[in-house]
Amino acid sequence: MSNVVVVGTQWGDEGKGKIVDLLTENADLVVRFQGGNNAGHTLVVGEKTFILHLIPSGILHPGKVCLIGNGVVLDPEVFCRELDALAARGVDVGPERIVISPKTHVIMPYHKVLDKLREEKRTGEKIGTTGRGIGPCYEDKAARVGVRAGDFRSKNLLRAKIEHALAEKNALFTHFFGGQALKVDDVLDEVLESGRRLVGHLGDVSERIAETAAAGRSILFEGAQGTHLDIDHGTYPFVTSSNTVAGNVAAGAGCSPGMLGRILGIVKAYTTRVGSGPFPTELFDTVGEHLQQQGGEFGATTGRKRRCGWLDLPLLRESIRLNGVTEIVLTKLDVLSGLERIRICTGYALDGRELRYPPQGEGLLAEVQPIYDDVPGWSEDISTATTWDDLPDAATAYIRRLEQELKVPVTILSVGPDRRQTIQRPA
Ligand code: GDP
Ligand code: IMO
Ligand code: MG
């Protein structure tokens, strides 16, 4: 297998984790390159379900190495909790299996406080962040006052950085938000133990990737969130704080862009969104309820109900362009079973014009009217289908229609949460 990038093409939760777990069989390294524990990736293997937030979704395959790149933001406490939970279930999480770049920025306690205070104080519509400190950590990275994983090697350096950060943060906490100041020693105590455990996992991620590639072995890059949550290309300001598109792999992992071969865009057979922001095809009726219930659409990180709607082709066209998607993996097709009629949003109407792509301009996506094409649904349960030929004609017609509209082949289909509920499309 050549190197593979897995990215979400919608607003996250497309089923990236399941697909990364599946593809790890053919890879040697699995690398996270952006985001943090705002992600929630659910893997189902037989009777066992694992929810991962930070550790790459390849971890269930013995012997495969998982890397956390410099582009990730890492909460040491969450990292340790996840390590312990996996170890308790018999998964090897030793330092030879999980390697963290010393350049990875660390989510500190004050980032989490600030994330929550900002949301509370925000006037107008809230972003609905996960409250995990993601935005404030990336802010400190850009402001060049961040704490990085490698800093945990020196308590003196760490203390100096916390002192520096708190001088400014405490002024905000007390004067602007009217809350309590944090003490340097308290912050240090809170992170020191888990930070020490991080140090055991530090290693040169960029070098590992280069060595693996030079040896002719395969690398799988695991994206988090989705294209329309990208800080630049998403529905700003209702976005996350990192670049989620495939172009960020090289910067966030430390490798050559020339190394990226197949770009797999994960497409859920309908659309979901957690948190605020425009969503043209959102449903507020019994069909929306069907998708939410049948799809088990609850956020894996915050437990919030996911908003549900029809498939949106303008959003997908843009995702394909932004990421250079070479193949589509279509997930959760089983959830559409039982719907008599399925609607596909083929374009938007805005000010009397018809658009094939999302309009460029803040807030404009909230003003478009979706233009729908209705196609027949199917009543059969397809969750036990194992081959293309097992699918009802209406389901294969739906897939072919997507391929025709998006001009990218659908190579893998997912019809249930389990690793085995997957259909490889015949070439
Ligand atoms: P991610 O963030 O992109 O990894 O996606 P999540 O794991 O947050 O959300 C996808 C949810 O759908 C999880 O609960 C998966 O177990 C589940 N899932 C994945 N693929 C399928 C599928 O094809 N059918 C069904 N019914 N569930 C799926
Ligand atoms: P995975 O990897 C879905 C959303 C939040 C919020 C916005 C900003 O599981 O697909 P943040 O905490 O990142 O500052 O929140 O982004 N969000 C996600 N929605 N799936 C995710 O990750 C998400 N990560 C962040 O709900 O609207
Ligand atoms: Mg998720």
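The values are calculated or read from the model by the stated rules, or taken from the named source; none is laboratory data. Just so it is clear, the structure is predicted and the values come from calculations on it, not from any experiment. Counting neighbours? That spans all protein chains shown, and the Cβs are built from the backbone with ideal geometry, glycine included. Protein only, heavy atoms only, side chains kept; ligands, DNA and RNA dropped before computing areas. Shrake-Rupley method; radii C 1.70, N 1.55, O 1.52, S 1.80 Å.
Please enumerate the residues belonging to the range 13-35 that are of a type outside the set (D, E, K, R), within 10 Å of ligand 1 (Cβ to nearest atom) and in contact with a Leu (Cβ under 6 Å, 6 or more places away or on another chain).
Gly17
Which of the residues belonging to the range 242-292 are closer than 24 Å to Ile382 by Cα and part of a helix (DSSP H, G or I)?
Selection gives Thr286, Val287, Gly288, Glu289, His290, Leu291, Gln292.
How about the range 249-262: which of its residues are closer than 26 Å to Tyr357 by Cα and surrounded by 23 or more Cβ atoms within 10 Å (Cβ to Cβ)?
The one that is closer than 26 Å to Tyr357 by Cα and surrounded by 23 or more Cβ atoms within 10 Å (Cβ to Cβ): Val249.
Could you please find all residues in the range 36-51 being closer than 18 Å to Ala253 by Cβ and near ligand 1 (Cβ under 10 Å from one of its atoms)?
Of everything in the range 36-51, those that are closer than 18 Å to Ala253 by Cβ and near ligand 1 (Cβ under 10 Å from one of its atoms) turn out to be Ala39, His41.
If you check Glu96, Glu120, which single one turns out to be out of contact with any Ser or Thr (no Cβ under 9 Å at 6 or more places or on another chain), more than 16 Å from ligand 1 (Cβ to nearest atom) and assigned by TED's automatic domain parsing to the domain that holds Gly40?
Unique residue meeting the criteria: Glu96.
Just give me the residues in the range 160-191 being loosely packed, with under 15 Cβ neighbours inside 10 Å and not in a loop (DSSP other than H, G, I, E, B), in sequence order.
Ala160, Glu163, His164, Ala167, Glu168, Ala171, Thr174, His175, Phe176, Asp185, Asp186, Asp189
Only residues that are more than 12 Å from the chain's Cα centre (by Cα), part of a strand (DSSP E or B) and charged (D, E, K, R): list them for the range 1-48, please.
Residue satisfying the conditions is Lys48 alone.
Restricting to the range 413-427, give me the number of residues that are assigned to a loop (DSSP other than H, G, I, E, B) and at pLDDT 95 or above.
6
Residue by residue through the range 278-306, note down the ones that are within 16 Å of ligand 3 (Cβ to nearest atom) and open to solvent by 60 Å² or more (accessible area, probe 1.4 Å).
Listed by number, the residues that qualify are Phe298, Arg304, Lys305.
Any idea which of Glu380, Glu354 is away from ligand 3 (no atom under 16 Å from the Cβ), among the charged types (D, E, K, R), open to solvent by 20 Å² or more (accessible area, probe 1.4 Å) and part of a loop (DSSP other than H, G, I, E, B)?
The unique qualifying residue is Glu380.
Looking at the range 220-233, which of its residues are out of contact with any Gly (no Cβ under 8 Å at 6 or more places or on another chain) and either small (Gly, Ala, Ser) or under 25 Å from Ser2 (Cβ atoms) (or both)?
Answer for the range 220-233, where residues must be out of contact with any Gly (no Cβ under 8 Å at 6 or more places or on another chain) and either small (Gly, Ala, Ser) or under 25 Å from Ser2 (Cβ atoms) (or both): Phe221, Asp230.
Look at the range 16-42 and say how many of its residues are within 15 Å of ligand 2 (Cβ to nearest atom) and either acidic (Asp, Glu) or buried (at least 24 other Cβ atoms within 10 Å of the Cβ) (or both).
Number satisfying all stated conditions: 17.
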